[in-house]
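Beneath this line is the structure, given in structure tokens, with notes to follow.
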Amino acid sequence: NAGVMQNPRHLVRRRGQEARLRCSPVKGHSHVYWYRQLPEEGLKFMVYLQKENIIDESGMPKERFSAEFPKEGPSILRIQQVVRGDSAAYFCASSAGQVSTDTQYFGPGTRLTVL
Amino acid sequence: GESVGLHLPTLSVQEGDNSIINCAYSNSASDYFIWYKQESGKGPQFIIDIRSNMDKRQGQRVTVLLNKTVKHLSLQIAATQPGDSAVYFCAENTGGFKTIFGAGTRLFVKA
């Protein structure tokens, strides 16, 4: 049962370091979404990618954040020069993407703590 | 800003009772709605969805009602069990792939 996998599950970084979050979608899914969740809040959309393409990055900060979904390998969410405000849970979801109502399956998340 | 919100941040019910979780949305163009369950330390789990051309949809112990006139969505859980304790999110989709989540309601089930 290969669902969405994310690693690491927990990541601690000091201010100014880089954080790399990985997401392996459900096998056969070519659509990946990244969300951010602060404690006691809902998920906020960040970016939507298809293989090798960014489709919608309207929820992702213009500075320091980037995402990719290469032809081979997992999707990567990269945060450069992390600040304390980046501390949050980051969730990845994937879908088959045939239609917009395709169910998004979520991974367990990566909890980023910035010291 | 977010267009999906919830009336109650927390809900406490007795085991065996029915639970009703409400959600309001403001985007009349939204045509697809989803309920997710999130347990502590885990990612959201799909529960049930409904399209805007429907008023009601039933699953196993869960029912989603959609009232487009007042832009209201509800999730009903029958015979609530301790395992139903979690945070429940409603989410909407306006036809693209971007899903907008509400703030969530925490459900406590008392044994």
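The values are calculated or read from the model by the stated rules, or taken from the named source; none is laboratory data. As the structure is a computational prediction, the values presented were derived from the model and not from experiment. Cβ: placed from backbone, ideal geometry, glycine included. Neighbour counts: every protein chain shown.
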* Select from the range A:62-81 the residues that are closer than 17 Å to A:ARG15 by Cα and not aliphatic (A, V, I, L, M) and write down the one among them that is nearest to the chain's Cα centre (by Cα). => A:ARG78
* Residue that is surrounded by fewer than 20 Cβ atoms within 10 Å (Cβ to Cβ) and modelled with pLDDT under 95, where the choices are B:GLY16, B:GLY41 -> B:GLY41
* Asked: If we keep just the residues of the range A:54-82 that are among the acidic types (Asp, Glu) and more than 14 Å from every other protein chain (Cβ to nearest Cβ), which is surrounded by the fewest Cβ atoms within 10 Å (Cβ to Cβ)?
  -> A:GLU72
* Unmet criterion (only one of (1) part of a loop (DSSP other than H, G, I, E, B); (2) away from chain A (no Cβ under 14 Å); (3) among the hydroxyl-bearing types (Ser, Thr, Tyr)) for B:SER12 -> (1)
* Asked: Can you name every residue in the range A:81-115 that is among the β-branched types (Val, Ile, Thr) and farther than 20 Å from B:GLU39 by Cβ?
  -> A:VAL82, A:VAL83, A:VAL99, A:THR101, A:THR113, A:VAL114
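Please state which one of A:GLU72, A:GLU63, A:GLU18 is among the acidic types (Asp, Glu), over 23 Å from B:TRP35 (Cα atoms) and in contact with a strand residue (DSSP E or B) (Cβ under 8 Å, 6 or more places away or on another chain).
Only one candidate passes the filter, namely A:GLU18.
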* Within the range B:31-78, work out how many residues are away from chain A (no Cβ under 14 Å), on the phi < 0 side of the Ramachandran plot and of a type outside the set (A, V, I, L, M). => 11
